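Each value in this text was obtained by applying a stated rule to the coordinates, not by laboratory testing. Everything quoted here is computed from the prediction, not taken from an experiment. Heads up, the Cβs are rebuilt from the backbone with ideal geometry, glycines too, and the neighbour counts pull from every protein chain shown.
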Amino acid sequence: MSLPALLLLGPTASGKSALALELAERLPLEIVSLDSAQVYRGLDIGSAKPGATERARIPHHLIDIRDPEDPYSVADFQRDATAAIAAIQARGRLALVTGGTMMYARILTQGLAELPSADPDIRARLEQEAAERGWPALHERLRSVDPASAQRLAPADRQRISRALEVYESSGTPLSELLAQPAAAGLVLPTVALMPQDRARLHQRIEQRFDAMLEQGFLDEVRALRARPGVHADLPALRSVGYRQAWEHLETGGTARQLRAKGVAATRQLARRQLTWLRAMPQARPIEPFAPQAGQELYALARQVLDGTWKET
């Protein structure tokens, strides 16, 4: 399936959002967020979510569509992003899909094995059983019905253990077997990768971004999340880089300097993983994001998509 859309990827702090907004000033487009934290309401500062002004100027999709206690799966993303892209295309505009969640990019372009839909009744029963017996006990049950899934999951990984047992109970087939089946076809999306050559500059931008988050009240944002009933550290929303370190800081204490060091280190590690993903995507057209001509290069490539002249490398 091919739709007029452009996938803009890059490591954190490489300037994806700024380039996307710059492009939106020159072309008729709408932005589809490729960010696993921005889908959640209340995760604003730590996810670098675009503000009300930017969202009023340029339509954004897949932002603020879930509460943190309501997990959002990759299957949810695949369904919602595909629908958003098709709707944008029907309006005669370019869908600019951008963000740093590389698993989302992979699922969108390579497809996902067909899995059963969520079953709230099974999930509630498993939660109740875990409250009585503990998640390690449910992990042992998973080991008996789906040893491959149990092998890759920690005994305290409540969300993934629950989903694996839910899939088995609703389908009668282990999750590991379903994931091994051929995936449905993904979208054919022209891809641009922001590949900064100056790692020192990227690291500096990561530090500046984390400092700015703290100054904007990031810890107060996490305090507010901690105060919400049903929100806990094991939720997917709170496993995001930055939120995980801030939650741990509020839980165990420590100095502001220690929090900054852990947050910056975790963000650098995330950037390295993102760059590893990007280097494994030979079809992506690279752009040096810190070069003065980066915006013009992105515009030229987006113009090719709209004109139908894009050619895969």
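Subtracting the Cα-Cα distance from 0.36 nm times the residue separation, let me have the gained length for Glu25 to Arg273 in nm, one decimal.
Contour length minus the Cα-Cα distance gives 86.2 nm.
Please enumerate, by chain and number, the aspartates and glutamates with C-alpha under 18 Å from the C-alpha of Lys311, excluding those fewer than 8 residues away in the same chain.
Glu297
Using per-residue counts of other Cβ atoms within 10 Å, averaged over each peptide, order 148-158, 105-115 from highest down.
Averaged packing, sorted descending, gives the order 105-115, 148-158.
Please compute one quarter of the surface area of the Cα convex hull for region 1-106 and express it in square nanometres.
6.5 nm²
Going by a ≥ b ≥ c, the root eigenvalues of the Cα gyration tensor, does region 185-268 fall in the rounded group (a/c under 1.5), the prolate group (a/b larger than b/c) or the oblate group?
Judged from the Cα gyration tensor, region 185-268 comes out oblate (a/c at least 1.5, b/c at or above a/b).
Any idea what the dipole of region 47-132 comes to, in debye rounded to 20, about its Cα centre with Lys/Arg Cβ at +1 and Asp/Glu Cβ at -1?
I would put it at about 800 debye.
Pull up all non-local amide H partners of Arg285: gap of 5 or more, or a different chain, and H-to-H distance under 5 Å with H placed in the peptide plane.
Here the answer is Thr191, Val192, Ala193, since their amide H atoms fall under 5 Å of that of Arg285.
In whole Hz, what ³J(HN,Hα) sequence does region 127-138 give by Karplus (6.51, -1.76, 1.60; θ = phi - 60°), x for Gly and Pro?
4, 5, 5, 5, 5, 8, 10, x, 5, x, 5, 6
Please work out the C-alpha center-to-center distance from region 225-269 to region 132-204 and express it in whole Å.
So the two Cα centres are separated by 22 Å.
Is it possible to state the helix-based mean residue ellipticity at 222 nm for the chain, with each DSSP H run of 4+ residues giving -39500 (n - 2.57), the sum divided by total residues, to the nearest 500 deg cm²/dmol? What is it?
Calculated mean residue ellipticity at 222 nm is -16500 deg cm²/dmol.
For region 234-313, run through the trypsin sites (Lys or Arg not before Pro) and keep only the ones in DSSP coil with at most 14 other Cβ atoms within 10 Å of their Cβ.
Lys311
Grab every C-alpha pair in region 120-180, bin the distances at 5 angstrom width from 0 up to the longest one, and report whole percents.
The distribution over region 120-180 is 4, 22, 34, 25, 13, 2, 0, given as percents.
Of Ala24, Gly51, Leu34, which is farthest towards the positive pole of region 18-85's charge dipole, taken about the Cα centre with +1 and -1 on the beta-carbons of Lys, Arg and Asp, Glu respectively?
It is Ala24.
Relative to the present Cα-Cα distance, how much length would full extension add between Arg143 and Glu251 at 0.36 nm per residue of separation?
So the chain would gain 35.8 nm between Arg143 and Glu251.
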